[in-house]
Amino acid sequence: MNYSLTHNKKLNIYRWIIVIPFGMAISSTAFINPLATLILLGITSVATISILKPHIPYLFAILLTSYISIEIRLWGDYRTFFTISEPFILYCLLCWFISRGLRISTEDFQIKRYLPLILLYLWGIISILWSTEKTMGIYYMAMFFIAICFFFLTIVTLNSFLKIKIAIAFFVGMGFVSSIVCYYSLLSNKTIEDILYHYNEHLVRFVFNPEQMLRGQGFMHPLATAYYLSLSLMLLLGFIYTGNKITRVFLSIAALSMFVALLTTLSKGPLLSLLCGLYIFSLLNASVNKRIIIVWTLIFSLIIIGFFLSRIPTNDFAKALDYTSKTSTETTDESSSLGSRIKRWKKGILSIKDHYGLGDGSGGFFSYLDPEISFDNLYVHIFAEYGLPGVLLWLWFLVLSCKRFIHAYLACISSEYKKWMQIYISGLATLLLNAVTSFSHTFLPLWFYLGIGHAMAIVIDRENNKRLENERLDTLKCRS
């Protein structure tokens, strides 16, 4: 007990040691420059709130992960760029470490549970040694590090089911905003591309609506927008599933708007992945499973009606159908999205023999894929870059994650938690199928979704243990 009191006193001393110099610095500037004082006061206030409540900046990071219209390019290279979200995630990580050091945050990160992921990252760093594109390899590993940090922050920050639902609400909210922007992009008749800042070879660029009326898009490329919307729709289904009647009505309207917006992107992969997720949900949910024919009749009817609704703003049904048909069926034409993907996948898979199964090394694929910057297949990407060791580590991580999610679902005592895990596992199927036609291992929404699942599993285990402990104590009281 004495040790605990002494330890707490030391922590309070350390906290004041950090706070007092900032206060003195701000006070001293008041005599020199009042404007600088206000700026310092604002920065200090934001930093203080971020340290005391690390989940607040994390929620803003969720909003930024769907906003990639602003690109920050280094050395003018179109391949090396990042968005506002990446440096902000590093800021969130710094705030959490300070908060943890001051014992404001108490959640621990059990590294041994995520050993395959840590090994995959270390293997990626080692692979730079034989990569023919070492600069790109370093860039990719830096972006991969930020993605893992976001995964880590999701787990340690969302330490209660309330925080998890708030984070999901922010993610879904940005999905709804993206759907509104999709409709605007269809109605807009111009592409916006501005250089916001330029210094030497470095620049900040704003790009919006490069497709010009054919495909709807939010703050991302149409395909990335569709992937984001597919995940948002699955998570929104969780609120509809667990909400009351009034809430369900309003959320169903929002879901319809987002679903039609997904159809405006003319992206087939995300739609098929979403349907797969809904099918898994219909198997897990007994009440839906009983009416599976009616449910799927309604879903397919909604797809047909939604497609026609999605083309009303531009009145180009024939052009949209022609585009969809061409990109879905022409496997040999490299100008079609499917043909281009198949060509890149073949190159990535065949390149494995050049390095004895060890992969091209981080960033090495640029030597034969340029000017393309991605395989548009997460599994091929990892296989081509990190070889057999990398893909085995990735599959090991996925298997352990799925095993943990299923265990949490089966162990659920709370009916609300069980419903959310049904939705989450169904959405996980959507995510894993989405990864077949796009994504790279640096795509931040991917790590948000995986992190949410691990956070849910931790909270469910904790709540189950508490409930079992309370039942045990009640039993002992009754016996006594």
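The values are calculated or read from the model by the stated rules, or taken from the named source; none is laboratory data. All of these numbers come straight from a predicted model, not from anything done at the bench. No Cβ is skipped: glycine too gets one built from the backbone with ideal geometry, and neighbour counts run over all protein chains shown. Accessible surface areas use protein heavy atoms only, side chains included; no ligands, DNA or RNA. Shrake-Rupley method; radii C 1.70, N 1.55, O 1.52, S 1.80 Å.
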Only residues that are buried (at least 20 other Cβ atoms within 10 Å of the Cβ) and over 19 Å from the mean Cα position of the chain (by Cα): list them for the range 410-421, please.
-> 417
Selection over the range 107-151 where residues are polar (S, T, N, Q) and not in a helix (DSSP H, G or I) yields a count of 3
Search result, residues across the range 403-439 that are in contact (Cβ under 8 Å) with a residue 12 or more places away in the chain and under 17 Å from residue 468 (Cβ atoms) = 407, 408, 411, 412, 413, 414, 417
Looking at the range 459-474, is at least one residue open to solvent by less than 40 Å² (accessible area, probe 1.4 Å) and touching a Phe, Trp or Tyr at 6+ places or on another chain (Cβ under 6 Å)?
-> yes
The condition of being within 19 Å of the chain's Cα centre (by Cα), of a type outside the set (S, T, N, Q) and at pLDDT below 85 holds, among 235, 302, 223, only for 223
Filter the range 346-369 for residues that are without any contact (Cβ under 8 Å) to a residue 12 or more places away in the chain and in contact with a Lys or Arg (Cβ under 9 Å, 6 or more places away or on another chain) and give the result.
-> none
Got a sec? Which of 437, 430 is touching a Gly at 6+ places or on another chain (Cβ under 7 Å) and under 15 Å from residue 345 (Cα atoms)?
-> 437
Please go through the range 225-259 and pick out each residue that is among the hydroxyl-bearing types (Ser, Thr, Tyr) and open to solvent by less than 40 Å² (accessible area, probe 1.4 Å).
-> 225, 227, 228, 230, 232, 257
Pick from the range 283-297, criterion of a type in the set (A, V, I, L, M) and over 18 Å from residue 415 (Cα atoms), ranking: most open to solvent (accessible area, probe 1.4 Å) = 293
From the list 321, 338, 350, 388, which one is modelled with pLDDT of 90 or more and out of contact with any Leu (no Cβ under 7 Å at 6 or more places or on another chain)?
-> 388
Looking only at the range 51-80, count how many residues are open to solvent by 50 Å² or more (accessible area, probe 1.4 Å), at pLDDT below 85 and either touching a Lys or Arg at 6+ places or on another chain (Cβ under 9 Å) or in a helix (DSSP H, G or I) (or both).
-> 1
Residue match in the range 360-374 (condition: within 21 Å of the chain's Cα centre (by Cα) and modelled with pLDDT under 90) | yes
Which residues, counting only those in the range 422-452, are under 20 Å from residue 172 (Cα atoms), open to solvent by 10 Å² or more (accessible area, probe 1.4 Å) and small (Gly, Ala, Ser)?
-> 429
Scanning for something open to solvent by 10 Å² or more (accessible area, probe 1.4 Å) and touching a Gly at 6+ places or on another chain (Cβ under 9 Å), does the range 202-209 turn up at least one residue?
-> yes
In the set 127, 179, 188, 160, the lone residue that is over 20 Å from residue 382 (Cα atoms), of a type in the set (S, T, N, Q) and open to solvent by less than 10 Å² (accessible area, probe 1.4 Å) is 179
Do the conditions hold for residue 377, that is, is it at pLDDT below 90 and closer than 22 Å to residue 236 by Cβ?
-> no
The listed residue being at pLDDT below 80 and either in contact with a His (Cβ under 8 Å, 6 or more places away or on another chain) or small (Gly, Ala, Ser) (or both), out of 188, 179 = 188
Hey, residue 262 within 22 Å of the chain's Cα centre (by Cα), open to solvent by 20 Å² or more (accessible area, probe 1.4 Å) and in contact (Cβ under 8 Å) with a residue 12 or more places away in the chain or not | no
Quick one: would you say residue 139 is modelled with pLDDT under 90, under 18 Å from residue 443 (Cα atoms) and either in contact with a helix residue (DSSP H, G or I) (Cβ under 9 Å, 6 or more places away or on another chain) or open to solvent by 30 Å² or more (accessible area, probe 1.4 Å) (or both)?
-> yes
Say whether the condition of being free of Cβ contacts under 8 Å to residues at least 60 places away in the same chain and under 19 Å from residue 450 (Cβ atoms) is met by at least one residue in the range 69-87.
-> no
Whichever residue in the range 242-255 is free of Cβ contacts under 8 Å to residues at least 60 places away in the same chain and within 22 Å of the chain's Cα centre (by Cα) and, among such residues, is farthest from residue 182 (Cα to Cα) | 251
Of the residues in the range 89-130, those that are among the small types (Gly, Ala, Ser) and within 17 Å of residue 155 (Cβ to Cβ) number 2
